[in-house]
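Remarks on the structure that follows.
The values are calculated or read from the model by the stated rules, or taken from the named source; none is laboratory data. Small disclaimer: the values here were computed from a predicted structure and weren't measured. Using ideal geometry, Cβ is built from the backbone for each residue, glycine included, and neighbour counts are taken over all protein chains shown. Please note that ligands, DNA and RNA were not included when accessible areas were found on the heavy atoms of the full protein model with its side chains. Shrake-Rupley method; radii C 1.70, N 1.55, O 1.52, S 1.80 Å.
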Amino acid sequence: MSKTLFVPGHTACAGCGQSMGARLVIDAAGPNTIVVNNTGCLEVFSTKYPESAWQVPWIHSLFENAAAVASGVESALKFLGTKDSTNVIVQAGDGGTADIGLQAISGMLERNHDILFVCYDNEAYMNTGIQRSGLTPFDTNTTTSPIGAQSTGNVRPKKPMPEIAAAHGVPYVATASVGFTQDVQRKVKKALSIKGAKYLQIHVPCPLGWRHESSMTIQVAKAAVEAGLYPLVEYEYGKLTAVRQIQPKPVEEYLKLQGRFKHLMKSPEEIKKVQAIADSNIEKYGLKTQA
Amino acid sequence: MKEFLEGSRAIAEIVKRCRPGVISAYPITPQTHIVEDLAQFVADGALKCEFVNVESEHSAASVVLGGVAAGVRSYTATSSQGLFYMMEVLFNIAGMRLPLVLTCANRAISAPINIWNDQQDSISLRDSGWVQMYAEDIQEASDFHMLAYKLTEDASIMLPVMVCMDGFILTHGIETVDMPRQEEVDKFLPPYRPLYKLDTADPVSMGILADPDYYMETRFAIQETMKKVLEKIPVLTQDFSKAFGRAYNGLVEGYRIDDAEKVIVALGSVCGTIKEVVDELRSKGKKVGLLKITTFRPFPAQKVQEALKDIPKVAVLDRALSLGSYAPVAAEVKAAFFGKKKGPKVISSFIAGLGGRDITKDSIREVFSLLTAKEVSCEFIDLKPELLKEKYE
């Protein structure tokens with residue numbers, strides 16, 4: 001028996017934050033888990049026939065329907081009387097979650113299926129070549145929000161997906177980051193201890209799409225949290241119940257690590273706008289540690 | 001027991017007796033009465049089942065995909081736009097070789113929006129990998145659901161089955177239907193025993209990526225299985241006949257075609273109307289008949305050849321189009337005879353009953369009268385010239 005339920009040998013890029021996240025999640029969940037995966041990097045790099053990295057039952061159907069497929073799996077387990085002894089986890093990227101998958105997720109949350117939905121948020125469509133998604137941050141240079149004479153990158157901030165999930169009144173919603181691995185696993189275990197629909201959004205750097213060294217994944221992930229650009233929060237039944245407090249660092253410390261924000265280094269005005277997003281987060285969630 | 005039932009009620013009653021553990025549906029006319037009745041059975045405790053009310057047909061199809069993947073017999077029903085919204089999931093279900101049954105209450109496709117019957121919805125999904133059976137009446141529609149589960153769950157088949165019934169005409173029509181007892185259904189259709197499922201005791205990966213080294217063989221395998229379906233259906237209908245006393249061919253059914261000079265080929269409820277006209281014309285000495293196609297996918301080309309090889313003139317009546325080309329069923333019938341020594345001299349193609357326009361006995365008489373030595377293609381029956389004049393003159 002392997003030490004992990006997500007075994008090596010898959011074809012993820014070096015330094016892939018999503019593959020780290022996936023291993024943390026499934027190893028926290030344990031073997032009595034069925035995984036339903038949307039189309040995306042994780043599905044492609046972990047299950048190319050005739051190989052599979054998954055040591056638990058795993059199913060992929062389409063790009064946008066994993067929340068609905070999982071609803072069917074969970075219903076079948078209820079019918080069979082085995083639901084209470086089996087976790088059902090949905091996995092999707094940010095596009096499969098916040099864009100094309102949003103309707104199916106909303107349905108799953110509204111029906112309050114006993115399922116944990118995990119969004120691995122690498123902030124663009126990496127599998128198809130770094131196109132912007134609804135979770136791409138403001139001013140990010142992607143292949144469909146390129147910088148140019150008339151453009152400083154992605155024109156809108158991230159869609160507030162955790163708040164959208166929390167607004168359904170489900171028992172548990174949280175954000176996490178692969179920069180804080182124990183926190184990821186704590187949140188997975190906490191989510192799975194609660195009956196009903198849960199949503200967990202994990203920030204997972206993509207060295208290829210974010211253009212940083214593959215050895216820097218953890219450092220970049222931590223820097224996003226420390227800048228206030230990726231607040232780590234928990235909601236229970238729609239109410240904010242916990243945040244990870246920080247001593248905020250300037251957003252530049254985070255942005256300068258990545259090629260996708262390189263164009264901002266010459267533009268103090270744009271950096272100010274990104275700093276304003278971080279400041280707003282810090283105030284909204286009370287992120288700043290009281291001295 | 002014979003009961004006087006609305007078509008939708010009959011379907012709900014037979015689906016209940018097939019004991020699905022997961023039902024998921026999204027409302028669309030004219031499918032609604034079926035799933036309303038099933039929801040009531042669950043609410044009353046008459047059917048032990050997880051009934052999942054979803055936010056779209058896309059999710060309805062996805063829920064039953066997940067249900068059967070986890071090892072539980074599952075069911076959904078839809079119509080028209082709903083079937084189209086399910087489309088990518090339906091292809092996916094067939095590709096994953098998951099045994100499912102779906103009722104399609106046939107309805108026209110928008111635009112213009114139209115809730116009434118034709119068969120453009122299911123006909124458009126003919127390439128999806130689903131077996132398609134078309135019911136002539138409510139009894140057939142009901143019986144075909146038992147056959148459909150038996151077929152789809154057969155270990156040598158494992159392809160999903162769509163039972164198509166004309167919207168309103170069959171879903172909202174009321175007929176005397178012989179409903180089997182639960183124990184009879186249980187005997188014919190034992191509990192589902194999946195070949196593979198999502199099981200933590202025996203983990204498998206389902207729906208995985210197949211690159212160019214592997215993909216084609218999966219499609220070849222479905223194509224080969226479709227041939228097996230053509231062999232399997234007549235075997236199952238014999239078993240069915242022994243169990244319930246009703247005999248179906250299951251692929252095609254000839255009606256007074258043995259010495260016929262003119263035969264109409266059709267699918268679905270219009271076959272009842274055609275039979276009446278055939279009887280009338282026969283009583284006047286006209287040698288006419290009907291070939292009903294029950295299973296459209298896989299297409300029973302050989303059975304069609306055998307049935308029509310000595311018929312001089314054949315009319316194919318389509319209730320759908322392949323806009324810009326031959327009508328869908330007509331194209332299949334013509335293809336079945338291409339390069340064959342024996343076959344009809346004329347295979348004419350007629351379009352009728354789109355968007356719920358009634359196909360009357362007069363419509364059928366007109367088809368027979370227009371079936372002459374001069375072959376026609378996509379000849380529309382019952383067009384209103386006064387509406388066309390406004391636009392084109």
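Considering only residues that are at the interface with chain B (Cβ under 7 Å from one of its Cβ atoms) and in a loop (DSSP other than H, G, I, E, B), which ones fall in the stretch A:75-105? Break it down stepwise before answering.
Residues of the stretch A:75-105 at the interface with chain B (Cβ under 7 Å from one of its Cβ atoms): A:75-80, A:86, A:103-104.
Within the stretch A:75-105, A:86 is the sole residue that qualifies.
With respect to the conditions (1) open to solvent by 20 Å² or more (accessible area, probe 1.4 Å); (2) within 8 Å of another protein chain (Cβ to nearest Cβ), residue A:20 falls short on a single one, namely (2).
Checked against the criteria, residue B:45 counts as within 19 Å of residue B:16 (Cα to Cα) and more than 19 Å from the chain's Cα centre (by Cα).
Which residue out of B:206, B:158, B:179 is of a type outside the set (Val, Ile, Thr) and closer than 23 Å to residue B:299 by Cβ? First the steps, then the outcome.
Details: B:206 fails: closer than 23 Å to residue B:299 by Cβ; B:179 fails: closer than 23 Å to residue B:299 by Cβ.
When all the criteria are applied, what remains is B:158.
Please work out which residue is nearest to residue B:285 (Cα to Cα), limiting yourself to the stretch B:244-257 and to residues that are open to solvent by 60 Å² or more (accessible area, probe 1.4 Å) and at pLDDT 95 or above. Applying the filter and picking the extreme gives B:256.
How many of the residues making up the stretch B:205-240 are open to solvent by 40 Å² or more (accessible area, probe 1.4 Å) and either outside the structural domain of residue B:155 (by TED's automatic domain parsing) or of a type in the set (Val, Ile, Thr) (or both)? Total satisfying the criteria: 3. Within the stretch A:49-74, the set of residues being in contact with a helix residue (DSSP H, G or I) (Cβ under 7 Å, 6 or more places away or on another chain), open to solvent by less than 10 Å² (accessible area, probe 1.4 Å), within 7 Å of chain B (Cβ to nearest Cβ) and outside any helix (DSSP H, G or I) comprises A:56, A:59, A:61, A:65. Screening the stretch B:126-136 for residues that are under 12 Å from the mean Cα position of the chain (by Cα) and not in a strand (DSSP E or B) and picking the one that is farthest from residue B:86 (Cα to Cα) gives B:136.
Residues in the stretch B:194-218 that are touching a residue at least 24 places away in the same chain (Cβ under 8 Å) and either in contact with a strand residue (DSSP E or B) (Cβ under 9 Å, 6 or more places away or on another chain) or not hydrophobic (A, V, I, L, M, F, W, C) (or both): B:194, B:197, B:198, B:199, B:206, B:207, B:218. Taking the criterion of being within 9 Å of chain B (Cβ to nearest Cβ), open to solvent by less than 20 Å² (accessible area, probe 1.4 Å) and in contact with a strand residue (DSSP E or B) (Cβ under 6 Å, 6 or more places away or on another chain), the residues of the stretch A:36-48 that qualify are A:36, A:37, A:43, A:47. For residue B:39, state whether it is outside any helix (DSSP H, G or I), more than 11 Å from chain A (Cβ to nearest Cβ) and either out of contact with any helix residue (DSSP H, G or I) (no Cβ under 6 Å at 6 or more places or on another chain) or over 29 Å from residue B:203 (Cβ atoms) (or both). When the stated conditions are applied, residue B:39 does not pass them. When restricted to residues that are in a helix (DSSP H, G or I) and open to solvent by less than 10 Å² (accessible area, probe 1.4 Å), the stretch A:106-119 contains 3.
On the given criteria, is residue A:123 more than 7 Å from chain B (Cβ to nearest Cβ), open to solvent by 10 Å² or more (accessible area, probe 1.4 Å) and of a type in the set (Asp, Glu)? Taking the combined requirement at face value, the residue does not satisfy it.
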